[in-house]
Amino acid sequence: MKIDYVIEQQYNDREIRDILKERFGMSNNMIKRIKLYGIMDINGVHKRVIDKVRSGDLMHAEYEDDAGSLKTDSGIKIYYEDEWIAVCEKPSGIVTHPTHGHLDDSLLTILSDSRLHPIMRLDRETSGIIAIAKNGYAHDRVVRLGMNKKYVAIVYGRYDKPEGTIDKPIKRRPNSVMIRDVSPDGHPSVTHYREIFYDNEKDISLVEFVLETGRCHQIRVHSLSEGHPLVGDGLYGPNSKDNPTDIEGSDELDKKIGRQSLHAYYLSLRHPVTEEEMVFKSGLPDDMKSVIGDIDILR
């Protein structure tokens, strides 16, 4: 982690630690790490974090807590990378974090041999854009500054209204580790949806989802609760063992895509240091196109 910053007038005659807190959102713990194990220079001269600075001074703060560059031969599409964060596209079929049984083939281990800090998580079968921090400070800053995420999914049938909000609590199903259900005594869960395209012949819809809360399987559970399970969903879909429903033609479509048809297609965030707004978009993957057609979702 390295920061080079020209002191602005508003921080004239202020202590370095105050600037690190106010301008860069650093915690006391992070400032202590820089103080004890890192570098803190003003105009090339070592300073204490309690020293005061003048506007126009050049501050250099450094602490070795980053993962370096990502692997160039990972096969993962990288949209953006610097010393702080990386934004890439996770293919379906890959877990985000290393887990038992996926210690060497998770997204994080494929991208780097060093420790990475995922700022968001996508289910194994979900594809799309994901943001990763290279150190704990960058992770905390991006989360605090806020992100805007949008998903698209192919669902069976058609919502009664072209857009709306699903406000239904969700909880884990009793005696199940994975499955979630809508339940009055669950955690508050809110999903906004908007129809993008409807295929009358197949009776399936391409729908945009925006999460106001971030419950496990929220889109899948909420859409099922409205009578529109995701095409290919092996856990909540019509051909699943735990949530079966009778939908004509679903067996063929589920087999054609072979995974839950959910894609994280839009992400906006603010850079952890510059605070510049960054926007990333990803079109429909080929397997979803094979079911719904080549729909332009990036307009």
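See the values below:
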item: Set M40, M1: member being surrounded by 12 or more Cβ atoms within 10 Å (Cβ to Cβ) and in contact with a Phe, Trp or Tyr (Cβ under 8 Å, 6 or more places away or on another chain); result: M1
item: Exclusive hit being touching a residue at least 40 places away in the same chain (Cβ under 8 Å) and acidic (D, E), set D251, D185, D199, D233; result: D199
item: Residue selected from region 105-125 under the condition of a type in the set (D, E) and crowded, with 18+ Cβ neighbours inside 10 Å, by the criterion farthest from the chain's Cα centre (by Cα); result: E125
item: Conditions (1) surrounded by 14 or more Cβ atoms within 10 Å (Cβ to Cβ); (2) at pLDDT below 95; (3) more than 30 Å from R141 (Cα to Cα): number failed by I257; result: (2)
item: Of residues in region 72-83 being within 22 Å of the chain's Cα centre (by Cα) and not in a strand (DSSP E or B), the one nearest to S27 (Cα to Cα); result: E83
item: Tally of residues being in a loop (DSSP other than H, G, I, E, B), modelled with pLDDT of 95 or more and surrounded by 14 or more Cβ atoms within 10 Å (Cβ to Cβ) across region 273-294; result: 4
item: Candidates I78, I110, I119, I50, filtered to the one that is more than 29 Å from M147 (Cα to Cα) and not aromatic (F, W, Y); result: I50
item: Filtered residue count, region 9-29, keeping only those that are surrounded by 13 or more Cβ atoms within 10 Å (Cβ to Cβ) and assigned to a loop (DSSP other than H, G, I, E, B); result: 6
item: Count - residues of region 30-71 that are of a type in the set (A, V, I, L, M, F, W, C) and either in contact with a Lys or Arg (Cβ under 6 Å, 6 or more places away or on another chain) or assigned to a strand (DSSP E or B) (or both); result: 11
item: Those residues of region 166-184 which are modelled with pLDDT of 95 or more and either of a type in the set (A, V, I, L, M) or more than 23 Å from P244 (Cβ to Cβ) (or both), in sequence order; result: I166, D167, P169, I170, I179, V182, P184
item: Residue pairs meeting the criteria (Cβ under 7 Å; at least 6 apart or on separate chains; first under 21 Å from K2 (Cβ atoms), in region 63-82; second assigned to a loop (DSSP other than H, G, I, E, B) and at pLDDT below 80); result: Y63/M1; D65/M1; D66/M1
item: Single condition K289 does not satisfy, out of (1) under 22 Å from I219 (Cα atoms); (2) touching a residue at least 60 places away in the same chain (Cβ under 8 Å); result: (2)
item: Residue in region 151-162 that is free of Cβ contacts under 8 Å to residues at least 40 places away in the same chain and touching a strand residue (DSSP E or B) at 6+ places or on another chain (Cβ under 8 Å) present; result: yes
item: Strands (runs of 3 or more DSSP E) wholly inside region 126-237 that include at least 2 residues being crowded, with 23+ Cβ neighbours inside 10 Å; result: 127-133, 147-156, 190-199, 204-211
item: Residues within region 261-293 that are more than 20 Å from S205 (Cβ to Cβ) and of a type in the set (S, T, Y), tallied; result: 2
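The values are calculated or read from the model by the stated rules, or taken from the named source; none is laboratory data. Note that this is a predicted model, so its numbers are computed, not measured. Cβ: placed from backbone, ideal geometry, glycine included. Neighbour counts: every protein chain shown.
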